[in-house]
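The values are calculated or read from the model by the stated rules, or taken from the named source; none is laboratory data. Because the structure is predicted, anything quoted here is derived from the model rather than measured. Heads up, the Cβs are rebuilt from the backbone with ideal geometry, glycines too, and the neighbour counts pull from every protein chain shown. These accessible areas exclude ligands, DNA and RNA; they are computed on the full protein's heavy atoms, side chains included. Shrake-Rupley method; radii C 1.70, N 1.55, O 1.52, S 1.80 Å.
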Amino acid sequence: MNQRWRLVRVPGPTLATTDFDLVDEAIRAPADGEVRLRSIYLSLDPYQRHWLAGAAGYGAAPRPGDTPIGRAISEVVESRDARFAVGDIVLGETGWQTHPTVDAARLTRLDPTLGPLSTHVGVLGSPGLTAWVGMVDLCRPQPGQTVLVSAAGGAVGSVAAQIAAIHGARVVGVAGAPDKCERIVREFGLAACLSHRDADFPARLARACPDGIDAYFDNTGGTVTAAAWAQLRHGARVALCGLVAEYGQGDVPGPSLRHLLARRASVTGFSVRENLQRLPEYRQRAAAWIRDGRLRYAEHIVPGIARAPEAFLALLSGATFGKCLVQVAAVPPTAAA
């Protein structure tokens, strides 16, 4: 049977595990040009919440009965397409399910020798590429400058922060719980990390960045962004990667634009989907940084497809650390690093 999560309803501002329902369905045999898969790792990411809120750019808007979107690493178990053989390891936007049958054109073959399979949807995958593009192209960190990264304990933020440090910047992170901040400083080598839950967060941010902020990698929006913009230096660069604090909330008031005008700062939104062709180049750089010990990564792996909604809510609440995944099945011995 194929176990598949489906939407019970399209959620509003508040998301709950009861918005999802796990069903058992017969596995569909592949037609010409299709393959049948066994999911191994399901990637959980903030953009999935954006899709649930009806955002454009992720295909059709969600409806009750739909499978939640999501990238998964899978093994080909039956193929009717010459591009893929049984046993191939592939990546595709196949959603929250265990044994999907999909169009082979939607899949990309992975090379398991590059690193542990899980890293292909984390530090060596789209989250890492997102961090690299936003930090190098838009934030452009320089030695001695101060770079702020929100959601610094997440899959994207943790890599972005370390890339800024590799370029010689002084990096300050923002996260939720104080113990999470301590772990970020200890494991990723940041100069400081602040909890946005502190009542005096804006004042603490000002003290942590006494000369202001030269670049801000924004994963969250909301009150963190409002406090960050107030500390921007002249000519500051802001890479707008995500607004997880605002997803599902409808139109929300933003930070004052007067800070951008006064500091001649720039804000640039971007999407990794427009930079996927750069993934091979990024992987080479990231693999070298990992070997050198300059780039570290963390993973939060939850076992079993049945726990996907629970893990997703934990991700959105900030309770996870590093890349959040659901391990749906065991890694095949031939694909183990």
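Of THR334, THR268, all but one fail to be exposed (fewer than 12 other Cβ atoms within 10 Å of the Cβ) and either assigned to a helix (DSSP H, G or I) or at pLDDT 90 or above (or both); the exception is THR334. Within segment 1-14, residues that are among the hydroxyl-bearing types (Ser, Thr, Tyr) have Cβ atoms under 9 Å from residues that are part of a loop (DSSP other than H, G, I, E, B) in these pairs: THR14/GLY248, counting only partners at least 6 apart in sequence or on another chain. No other residue among LEU91, LEU124 is assigned to a loop (DSSP other than H, G, I, E, B), closer than 23 Å to LYS323 by Cβ and not β-branched (Val, Ile, Thr) apart from LEU124. Filtered by the rule that a residue be touching a Gly at 6+ places or on another chain (Cβ under 7 Å), among the hydrophobic types (A, V, I, L, M, F, W, C) and assigned to a loop (DSSP other than H, G, I, E, B), segment 16-55 gives a lone residue, ALA53. Checked against the criterion of being touching a Ser or Thr at 6+ places or on another chain (Cβ under 7 Å), aliphatic (A, V, I, L, M) and within 17 Å of PHE312 (Cβ to Cβ), segment 12-34 contains not a single residue that satisfies it. Within segment 94-119, residues that are open to solvent by 50 Å² or more (accessible area, probe 1.4 Å) sit with their Cβ atoms under 9 Å from residues that are in a helix (DSSP H, G or I) and of a type outside the set (S, T, N, Q), at 6+ positions apart or across chains, in these pairs: ASP111/HIS120; LEU114/HIS120; LEU114/ARG283; LEU114/ALA287.
Could you tell me which residue of segment 297-324 is farthest from SER118 (Cα to Cα), considering only residues that are assigned to a helix (DSSP H, G or I) and charged (D, E, K, R)?
Of all residues in segment 297-324, those assigned to a helix (DSSP H, G or I) come to 305-317.
From the residues that got through so far, the ones that are charged (D, E, K, R) too are 307, 310.
Numbers: ARG307: 17, GLU310: 19 Å.
Here the residue is GLU310.
Criterion applied to VAL185, VAL147 was being under 20 Å from the mean Cα position of the chain (by Cα), β-branched (Val, Ile, Thr), part of a helix (DSSP H, G or I) and modelled with pLDDT of 95 or more, and the one residue passing it is VAL185. For beta carbons closer than 8 Å, sequence separation of 6+ or different chains, a first residue in segment 270-295 that is closer than 21 Å to GLY92 by Cβ and a second that is of a type outside the set (A, V, I, L, M, F, W, C) and open to solvent by 50 Å² or more (accessible area, probe 1.4 Å), the qualifying pairs are SER271/GLY57; ARG273/GLY57.
Determine which member of the set ALA131, ALA152 is in a loop (DSSP other than H, G, I, E, B) and within 20 Å of the chain's Cα centre (by Cα). Checking each option against the conditions leaves just ALA152. Which of the residues belonging to segment 272-306 are within 30 Å of ASP19 (Cβ to Cβ), open to solvent by less than 40 Å² (accessible area, probe 1.4 Å) and modelled with pLDDT under 95? The answer is VAL272, and nothing else. THR146 - would you say it is open to solvent by 10 Å² or more (accessible area, probe 1.4 Å), within 24 Å of GLY235 (Cβ to Cβ) and hydroxyl-bearing (Ser, Thr, Tyr)? When the stated conditions are applied, THR146 passes them.
If you check SER317, SER266, which single one turns out to be of a type in the set (Ser, Thr, Tyr) and under 21 Å from the mean Cα position of the chain (by Cα)?
Numbers: SER266 fails: under 21 Å from the mean Cα position of the chain (by Cα).
Of the residues listed, the single one that is of a type in the set (Ser, Thr, Tyr) and under 21 Å from the mean Cα position of the chain (by Cα) is SER317.
Scanning segment 155-182 for residues that are modelled with pLDDT of 95 or more, within 27 Å of PHE312 (Cβ to Cβ), open to solvent by less than 20 Å² (accessible area, probe 1.4 Å) and of a type outside the set (S, T, N, Q) yields GLY157, VAL159, ALA160, ALA161, ILE163, GLY173, VAL174, ALA175, CYS181. Listed conditions (1) open to solvent by 40 Å² or more (accessible area, probe 1.4 Å); (2) modelled with pLDDT of 95 or more are all met by ALA53, apart from (2). Suppose we keep only residues that are buried (at least 18 other Cβ atoms within 10 Å of the Cβ) and more than 18 Å from PRO100 (Cβ to Cβ) within segment 314-330. Which one would you say is modelled with the lowest pLDDT? Here the answer is GLY318.
Which count do you get for residues in segment 5-15 that are open to solvent by 30 Å² or more (accessible area, probe 1.4 Å) and not in a loop (DSSP other than H, G, I, E, B)? Count: 1.
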